[in-house]
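Chemist: If you scroll down you'll find the structure; I have some questions about it.
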Amino acid sequence: MKQISLVLITVLSLVMVAKAQPKGVVADKIVAVVGDKIILKSDIENSIIDMQRQNVEIPENAACLVLEQAMAIKALVLQAQKDSLPVTDEEVDADIDNRIRSFIMQYGTKDELERIAGKSVYQLKEDFKEPIRDQMLSRAMRNKIVEDIRITPNEVKKFYSKIPKDSLFLYESEVEVSQIVLFPKASREAEEYCIQQLKDYKQQVESGKKDFKTLASNYTMDPGSKENGGQYEINRSQKDLDPIWLSKAFTLKDGQVSNPFKTRFGYHILQLVSRAGDDAVVRHILLIPQVTSIELKSTTEKLDSIRKLLVDGNLTFGEAVSRFSDDEASKFNAGQLSSARDGSTYLTIDQLDKDMVVMMESLKVGEYSQPTAFTDDRGRKGLRIVYLKSKTEPHRENLKDDYNRVAQRALEEKKNEALEKWFNSKIPTYFIQVDEEYRSCEEMKKWVSNAGRN
């Protein structure tokens, strides 16, 4: 249990939702029972298939490991239900919608997902409900078990001292950076020009001179949809879409083209391709009003004033970000950039955009950059001040430079031990049954020994 207990609710917590994912059919039988919860052979085999699809290295004892984790999840769910931990239908439905959208992105279209799955999206959502609820309950129970666990500096040092020197991580040069971003406001004339262009595109579609897909491929400024004619598959409950844009999409009839409208990204027209309940396929064209040297100069002057307040010590960087920055991704964490992969604030050079890489060559730790122009991933022209908080040279892990990372691993180990202790105390209280095919697994010893008591 010890070696897998921490990943229980992370990577392999998907074990029990694997059967709801699009896969081949496998033979079924009950291979384990925990309390009144059953685990099917298909749960185990489909989970391994899914790991292979995701290029996860499969150990020889994968089936044993997966079964152990599946049983651990069931044990946590039983306790969560006993403790009445709250998981609402709304939370389950939202999680399911996010997963379905992820699958649609993975397979390209909703139709392709349904073809591969051999089920409609509605059926897939129904299949997901029980396993997703189990996953959320097990996560909530796991969090309850470890919520009060803390780590002391002495424990961190003790943890670090046990690591063989040749096993310490090697780190590349890394930086911690924060930014204040301003996007110059385009003139009214530039905005009116975009609106007129979009009206013209709408008229071309409605008159039959051009189809929307072709116009979007040629003119949209949205890089995320340009290659597929401006098309998106959306759901009414999506939280990652602009609410104005999403609301507009669901006011249209099939084939209808909206009037031009404004969001924080620019100006749009939308066409509804098809709709089925809360799911829809739409196309859109985005135009971003272009800023001139006049707007750029005015914004630069504003950033110069902000920089002077920072340098003079009359304003902290976090305050400046909160009051002035237009960057939604970093506005509420003092402008600090973080890795999309793991949330770390320590970034390697290849994780920075090309404009910031150039700035790092001359910027020293503790300095604020001059206002500098850049283009974001949406194609918007902006200006920013960058603050270099820290910079490390390539090195082997040590407590001076990497204390927080070592402390996090030490904390996770301590949580593992708490989970191990919890399972040791709880397993004897559950009815346990394991199929003969798996009883010889090393991972099953603890479960099988308790099965004999029931």
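Chemist: Could you check, for the stretch 392-401, whether at least one of its residues is in the same structural domain as Ile180 (by TED's automatic domain parsing), crowded, with 17+ Cβ neighbours inside 10 Å and out of contact with any Lys or Arg (no Cβ under 8 Å at 6 or more places or on another chain)?
Modeler: Within the stretch 392-401, not a single residue is in the same structural domain as Ile180 (by TED's automatic domain parsing), crowded, with 17+ Cβ neighbours inside 10 Å and out of contact with any Lys or Arg (no Cβ under 8 Å at 6 or more places or on another chain).
Chemist: Right, next: Please tell me if Val175 is out of contact with any helix residue (DSSP H, G or I) (no Cβ under 8 Å at 6 or more places or on another chain), closer than 27 Å to Ser390 by Cβ, touching a residue at least 24 places away in the same chain (Cβ under 8 Å) and buried (at least 18 other Cβ atoms within 10 Å of the Cβ). If you could, list the steps in order and put the result at the bottom.
Modeler: Working: out of contact with any helix residue (DSSP H, G or I) (no Cβ under 8 Å at 6 or more places or on another chain): no; closer than 27 Å to Ser390 by Cβ: yes; touching a residue at least 24 places away in the same chain (Cβ under 8 Å): yes; buried (at least 18 other Cβ atoms within 10 Å of the Cβ): yes.
No: the conditions fail for Val175.
Chemist: Let me ask something else about it. Quickly run through the stretch 201-220 and pick out the residues that are within 26 Å of Lys381 (Cα to Cα), surrounded by 14 or more Cβ atoms within 10 Å (Cβ to Cβ) and out of contact with any Lys or Arg (no Cβ under 8 Å at 6 or more places or on another chain).
Modeler: Leu215, Tyr219
Chemist: Now, a different point. Within the stretch 256-298, count every residue that is part of a loop (DSSP other than H, G, I, E, B), at pLDDT below 95 and more than 25 Å from Glu328 (Cβ to Cβ).
Modeler: We begin by selecting, within the stretch 256-298, every residue part of a loop (DSSP other than H, G, I, E, B); these are 256, 258-260, 264-265, 277-278, 288-292.
From the residues that got through so far, the ones that are at pLDDT below 95 too are 264-265, 277-278, 288-292.
After this cut, where a residue has to be more than 25 Å from Glu328 (Cβ to Cβ) as well, the list is 277-278.
Qualifying residue count for the region: 2.
Chemist: Mind listing whichever residues of the stretch 178-224 are farther than 30 Å from Ser390 by Cα and hydrophobic (A, V, I, L, M, F, W, C)?
Modeler: Kept after step one, since they are farther than 30 Å from Ser390 by Cα, are these residues of the stretch 178-224: 185-224.
Those that are farther than 30 Å from Ser390 by Cα and hydrophobic (A, V, I, L, M, F, W, C): Ala186, Ala190, Cys194, Ile195, Leu198, Val205, Phe212, Leu215, Ala216, Met221.
Chemist: Continuing with this model, one more query. If only one of Ile96, Ile104, Ile58, Ile49 is assigned by TED's automatic domain parsing to the domain that holds Phe423 and more than 30 Å from Phe423 (Cα to Cα), which one is it? It would help to see each step written out before you state the result.
Modeler: Values: Ile96 fails: more than 30 Å from Phe423 (Cα to Cα); Ile58 fails: more than 30 Å from Phe423 (Cα to Cα); Ile49 fails: more than 30 Å from Phe423 (Cα to Cα).
The unique qualifying residue is Ile104.
Chemist: In the stretch 366-395, what residues are assigned to a loop (DSSP other than H, G, I, E, B), over 15 Å from Thr299 (Cβ atoms) and of a type in the set (Lys, Arg)?
Modeler: Arg378
Chemist: Moving to a separate point now. So Ala340 fits all but one of (1) under 24 Å from the mean Cα position of the chain (by Cα); (2) closer than 20 Å to Ala190 by Cα; what number is the exception?
Modeler: With (1) under 24 Å from the mean Cα position of the chain (by Cα); (2) closer than 20 Å to Ala190 by Cα applied to Ala340, the lone miss is (2).
Chemist: Name the residue that is modelled with the highest pLDDT, counting only residues in the stretch 85-111 that are farther than 23 Å from Leu137 by Cβ and surrounded by fewer than 15 Cβ atoms within 10 Å (Cβ to Cβ).
Modeler: Residues of the stretch 85-111 farther than 23 Å from Leu137 by Cβ: 104-111.
Checking the rest, the ones that are also surrounded by fewer than 15 Cβ atoms within 10 Å (Cβ to Cβ) come to 105-106, 108-109, 111.
Details: Met105: 74, Gln106: 74, Gly108: 74, Thr109: 77, Asp111: 82.
Looking at residues that are farther than 23 Å from Leu137 by Cβ and surrounded by fewer than 15 Cβ atoms within 10 Å (Cβ to Cβ), I get Asp111.
Chemist: Against the conditions (1) part of a loop (DSSP other than H, G, I, E, B); (2) farther than 30 Å from Asp200 by Cβ; (3) touching a helix residue (DSSP H, G or I) at 6+ places or on another chain (Cβ under 8 Å), where does Gly313 fall short? Just the number, please.
Modeler: (3)
Chemist: So, one more: From the list Ile288, Ile294, which one is β-branched (Val, Ile, Thr), within 24 Å of Tyr193 (Cβ to Cβ) and out of contact with any strand residue (DSSP E or B) (no Cβ under 7 Å at 6 or more places or on another chain)? Explain how you work it out, then say what you get.
Modeler: Working: Ile288 fails: out of contact with any strand residue (DSSP E or B) (no Cβ under 7 Å at 6 or more places or on another chain).
One residue alone meets the criteria, Ile294.
Chemist: Find the residue count for the stretch 259-289, including only residues that are surrounded by 15 or more Cβ atoms within 10 Å (Cβ to Cβ) and farther than 16 Å from Ser225 by Cβ. Outline the logic, then answer.
Modeler: If we filter the stretch 259-289 for residues that are surrounded by 15 or more Cβ atoms within 10 Å (Cβ to Cβ), which is where we start, we get 260-261, 263, 265-273, 275, 279-289.
If we keep only those that are farther than 16 Å from Ser225 by Cβ too, we end up with 260-261, 275, 279, 289.
Matching residues across the stretch 259-289 total 5.
Chemist: All but one of (1) at pLDDT 85 or above; (2) closer than 30 Å to Ser449 by Cβ; (3) surrounded by fewer than 18 Cβ atoms within 10 Å (Cβ to Cβ) hold for Ala80; which doesn't?
Modeler: Going through (1) at pLDDT 85 or above; (2) closer than 30 Å to Ser449 by Cβ; (3) surrounded by fewer than 18 Cβ atoms within 10 Å (Cβ to Cβ) one by one, Ala80 breaks only (3).
Chemist: Of all residues in the stretch 318-356, which are assigned to a helix (DSSP H, G or I) and closer than 15 Å to Lys389 by Cα?
Modeler: Filtering the stretch 318-356 for residues assigned to a helix (DSSP H, G or I) gives 318-324, 349-351, 354-356.
Of everything in the stretch 318-356, those that are assigned to a helix (DSSP H, G or I) and closer than 15 Å to Lys389 by Cα turn out to be Gly318, Val321, Ile349, Met356.
Chemist: Can I ask one more? Answer yes if at least one residue in the stretch 115-122 is part of a helix (DSSP H, G or I) and within 23 Å of the chain's Cα centre (by Cα), and no otherwise.
Modeler: If we filter the stretch 115-122 for residues that are part of a helix (DSSP H, G or I), which is where we start, we get 115-117, 121-122.
With the extra rule that they be within 23 Å of the chain's Cα centre (by Cα), the set shrinks to 121.
So far as the stretch 115-122 goes, yes, one or more of its residues are part of a helix (DSSP H, G or I) and within 23 Å of the chain's Cα centre (by Cα).
The values are calculated or read from the model by the stated rules, or taken from the named source; none is laboratory data. Note that the structure is predicted; figures quoted are calculated from it, not measured. Cβ: placed from backbone, ideal geometry, glycine included. Neighbour counts: every protein chain shown.
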